[in-house]
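Engineer: Structure incoming, see below.
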Amino acid sequence: MEAQAVKSNLVLILDYGSQYTHLITRRIRSLSVFSLCISGTSSLKSITDLNPSVIILSGGPHSVHAQDAPCFPDGFVEYVEKTGIFVLGICYGLQLIVQKLGGQVAIGEKQEYGRMMIEVVKDYGGLFKGKNIGDKQVVWMSHGDEAVKLPAGFEVVARSEQGGVAAVANPGRRFYGLQYHPEVTHSPEGMELLRHFLFDICDVSAGWKMEDVMEEEIKVIKGMVGPDDHVICALSGGVDSTVAATLVHKAIGDRLHCIFVDNGLLRYKEQERVMGTFERDLHLPVTCVDASVQFLSELKGVTDPEKKRKIIGKEFISIFDAFAHDLEKKLGTKPSYLVQGTLYPDVIESCPPPGSGRTHSHTIKSHHNVGGLPKDMKLKLIEPLKLLFKDEVRELGRILDVPVAFLKRHPFPGPGLAVRIPGDVTQGNALEILRQVDEIFIQAIKDGGIYDEIWQAFAVFLPIKTTGVQGDQRTHSNAVALRAVTSQDGMTADWYYFEHKFLDDVARKICNSVRGVNRVCLDITSKPPSTIEWE
């Protein structure tokens, strides 16, 4: 999906590190407008090449006064004014506009965090459509600095209950700014403001739909893959790789060769179940490679999470290379491409923060399909879903007639159970214990009719022994943790509120059925501050 294909309506977000930046992208896409997020410190050419109609400057943790504070590139203001691009600054983005266009930003006498009331004080620029002077609304604030002097031509159109600048506008120069976050649900009228800003002020059209994504991506794949080229697809059994494979298969037909790798880190009976679905429902030609011994021997003794991910990524690629070599003998030509189901959150979370000397938002994790690929990899990558969020992938899958049951599967990480066993995954019988615990937990969720309410649920093997009493005897056995979260795209998540009886039943069943477990814990942290997975 090339941005150029939809550039006439592209809303470009320049990311300055806010934890909410991805939500801006999601909210705009939910309005059927294509949006992309790139680093706030990207070059001017990177911005002009995308030719956006609207640019949004995100919030961020920095102060515009800090040394090396991230900023848009030289020539940015001249470019947007010459081309008539609308610019909306949010939080840090507003302060950046104020400072760079000749105003003044200072440390606020009263910092503003959390829910706060703002009041419309001027009808200027039409930012608050349908609102009268004096009208109030609740918004979400998160800032310590404030605009104390505006650039020429700018007016304050809303203030906070403490008197601080909450919104500014300069319609003549097409610059607007909000000191609060309209993209979060804590700003109840935020979506209405974004809708009004894009459609009424910026005159953007709501024409982006998933059918267009499918057609455009098929064109891109056909243009990338030559008429005689063959492609390997790494199928994991999850939604992402399955939809990616189906899309590529639609584009190039039998020149796609799928491989499913059992890396020894799969869930209970995963190989058997997944291969059955591929053959019975999806009719995709899939070769199953059991490489569990290879993976586990390389992981033996490794405890560092990032090192584990890199090892797993390297082993996957070596297997794909070997598979490609075997295909070369069979076909007379070596496959040139590898398909992976990388999603937009994978890309966003695998990039470093603005102001760190690198670019983009904070690196939360590396993925074997983003950060773990070897530099000398012989296969070129095709990542047809890399600009989509999980719910968008599911929608695309529905259009491609992927079975609904498959589309509803909870996400499963590329490194598998390696990220659910902190420390050495080969220690003792941790993998077998975890598989049994996870199977009991997931089956209970399905039996309870709540599987579709949950974004992701799984068990974690804790690298500790705890004291217990089982069968009138003192035990020193393993502890496990259960985690279940709700989410829209995996970028943020809340823990799922189980009924106490459900948790009681599950904990009892685990301790009674799985030898070596005498304690069950529940993870009740959201994301942020934690990630969904434990490593």
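The values are calculated or read from the model by the stated rules, or taken from the named source; none is laboratory data. Predicted model only: the values in this text are computed from it and were never measured. All Cβ positions, even for glycine, are placed from backbone atoms using ideal geometry, and neighbour counts span all protein chains on display. Accessible surface is based on the protein model in full, side chains and every heavy atom, while ligands, DNA and RNA are left aside. Shrake-Rupley method; radii C 1.70, N 1.55, O 1.52, S 1.80 Å.
Engineer: Can you tell me which residues in the stretch 277-299 are modelled with pLDDT under 90, in a helix (DSSP H, G or I) and farther than 15 Å from residue 236 by Cβ?
Structural biologist: Across the stretch 277-299, the qualifying residues are 279, 280, 281.
Engineer: Given (1) at pLDDT 95 or above; (2) in contact with an Asp or Glu (Cβ under 6 Å, 6 or more places away or on another chain), where does residue 526 come up short, assuming only one miss?
Structural biologist: (1)
Engineer: OK, next. Out of (1) in a helix (DSSP H, G or I); (2) open to solvent by less than 50 Å² (accessible area, probe 1.4 Å); (3) not polar (S, T, N, Q), the odd one out for residue 341 is which?
Structural biologist: Evaluating residue 341 over (1) in a helix (DSSP H, G or I); (2) open to solvent by less than 50 Å² (accessible area, probe 1.4 Å); (3) not polar (S, T, N, Q) leaves (1) as the failure.
Engineer: Taking only the stretch 300-323 into account, find how many residues are in a helix (DSSP H, G or I) and either open to solvent by 70 Å² or more (accessible area, probe 1.4 Å) or farther than 13 Å from residue 261 by Cβ (or both).
Structural biologist: 8
Engineer: With the structure loaded, tell me whether residue 441 is surrounded by 15 or more Cβ atoms within 10 Å (Cβ to Cβ) and part of a helix (DSSP H, G or I) or whether it fails that test.
Structural biologist: yes
Engineer: Does residue 456 fit the bill of being more than 21 Å from residue 527 (Cβ to Cβ) and either in contact with a Pro (Cβ under 9 Å, 6 or more places away or on another chain) or at pLDDT 90 or above (or both)?
Structural biologist: It is false that residue 456 is more than 21 Å from residue 527 (Cβ to Cβ) and either in contact with a Pro (Cβ under 9 Å, 6 or more places away or on another chain) or at pLDDT 90 or above (or both).
Engineer: Oh, and also: Restricting to the stretch 488-535, name every residue that is acidic (Asp, Glu) and either under 30 Å from residue 22 (Cα atoms) or touching a residue at least 12 places away in the same chain (Cβ under 8 Å) (or both).
Structural biologist: Of everything in the stretch 488-535, those that are acidic (Asp, Glu) and either under 30 Å from residue 22 (Cα atoms) or touching a residue at least 12 places away in the same chain (Cβ under 8 Å) (or both) turn out to be 489, 494, 505, 523, 533, 535.
Engineer: Report yes if residue 233 is out of contact with any Leu (no Cβ under 8 Å at 6 or more places or on another chain) and of a type in the set (A, V, I, L, M, F, W, C), otherwise no.
Structural biologist: On the way: out of contact with any Leu (no Cβ under 8 Å at 6 or more places or on another chain): no; of a type in the set (A, V, I, L, M, F, W, C): yes.
It is false that residue 233 is out of contact with any Leu (no Cβ under 8 Å at 6 or more places or on another chain) and of a type in the set (A, V, I, L, M, F, W, C).
Engineer: So which residues in the stretch 464-501 are touching a helix residue (DSSP H, G or I) at 6+ places or on another chain (Cβ under 8 Å), assigned to a strand (DSSP E or B) and open to solvent by 30 Å² or more (accessible area, probe 1.4 Å), if there are any at all?
Structural biologist: 470, 486
Engineer: Related question: Which one of these does residue 129 not meet: (1) touching a helix residue (DSSP H, G or I) at 6+ places or on another chain (Cβ under 6 Å); (2) closer than 26 Å to residue 65 by Cβ?
Structural biologist: All conditions are met except number (2).
Engineer: Return yes or no: is residue 290 in contact with a strand residue (DSSP E or B) (Cβ under 6 Å, 6 or more places away or on another chain), among the acidic types (Asp, Glu) and more than 16 Å from residue 340 (Cα to Cα)? Talk me through it step by step, then tell me what you get.
Structural biologist: Values: in contact with a strand residue (DSSP E or B) (Cβ under 6 Å, 6 or more places away or on another chain): yes; among the acidic types (Asp, Glu): yes; more than 16 Å from residue 340 (Cα to Cα): yes.
When the stated conditions are applied, residue 290 passes them.
Engineer: Let me ask you something else. Among the residues of the stretch 399-408, what is the count of those that are assigned to a helix (DSSP H, G or I) and over 14 Å from residue 281 (Cα atoms)?
Structural biologist: Of the stretch 399-408, the ones assigned to a helix (DSSP H, G or I) are 399, 404-407.
With the extra rule that they be over 14 Å from residue 281 (Cα atoms), the set shrinks to 399.
Residues meeting the conditions: 1.
Engineer: Would you kindly identify the helices (runs of 4 or more DSSP H) lying entirely within the stretch 1-89 that contain at least 1 residues that are of a type in the set (Lys, Arg), under 26 Å from residue 171 (Cβ atoms) and modelled with pLDDT of 90 or more?
Structural biologist: It comes to 21-30, 76-83.
Engineer: Could you check the stretch 96-212 for strands (runs of 3 or more DSSP E) lying wholly inside it with 1 or more residues that are touching a His at 6+ places or on another chain (Cβ under 7 Å) and open to solvent by less than 70 Å² (accessible area, probe 1.4 Å)?
Structural biologist: 104-120, 136-149
Engineer: Mind listing whichever residues of the stretch 415-435 are open to solvent by 30 Å² or more (accessible area, probe 1.4 Å) and out of contact with any Phe, Trp or Tyr (no Cβ under 7 Å at 6 or more places or on another chain)?
Structural biologist: Matches in the stretch 415-435: 426, 427, 428, 429, 432.
Engineer: Residue check: is residue 485 modelled with pLDDT of 95 or more and under 29 Å from the mean Cα position of the chain (by Cα)?
Structural biologist: Numbers: modelled with pLDDT of 95 or more: yes; under 29 Å from the mean Cα position of the chain (by Cα): yes.
Yes: the conditions hold for residue 485.
Engineer: Is there any pair with a first residue in the stretch 155-166 that is charged (D, E, K, R) and a second that is part of a strand (DSSP E or B) whose Cβ atoms are under 7 Å apart and which are 6 or more apart or on different chains, and what are they?
Structural biologist: Here the result reads 155/168; 155/169; 159/118; 159/119; 159/165; 159/166; 161/116; 161/117, each pair linking the stretch 155-166 to a residue that is part of a strand (DSSP E or B).
Engineer: Return the residues of the stretch 506-520 that are farther than 18 Å from residue 431 by Cα and surrounded by 14 or more Cβ atoms within 10 Å (Cβ to Cβ); say none if nothing qualifies.
Structural biologist: Those that are farther than 18 Å from residue 431 by Cα and surrounded by 14 or more Cβ atoms within 10 Å (Cβ to Cβ): 506, 507, 509.
Engineer: Could you give me the residue pairs with C-beta distances under 6 Å whose first residue belongs to the stretch 447-474 and is without any contact (Cβ under 8 Å) to a residue 24 or more places away in the chain, whose second residue is surrounded by 10 or more Cβ atoms within 10 Å (Cβ to Cβ) wherever it lies, and which are 6+ apart or on separate chains?
Structural biologist: Hits for this filter: 464/479.
Engineer: Another one. Only residues that are over 24 Å from residue 439 (Cβ atoms) and acidic (Asp, Glu): list them for the stretch 223-266, please.
Structural biologist: Filtering the stretch 223-266 for residues over 24 Å from residue 439 (Cβ atoms) gives 223-234, 243-259.
Of everything in the stretch 223-266, those that are over 24 Å from residue 439 (Cβ atoms) and acidic (Asp, Glu) turn out to be 228, 229, 254.
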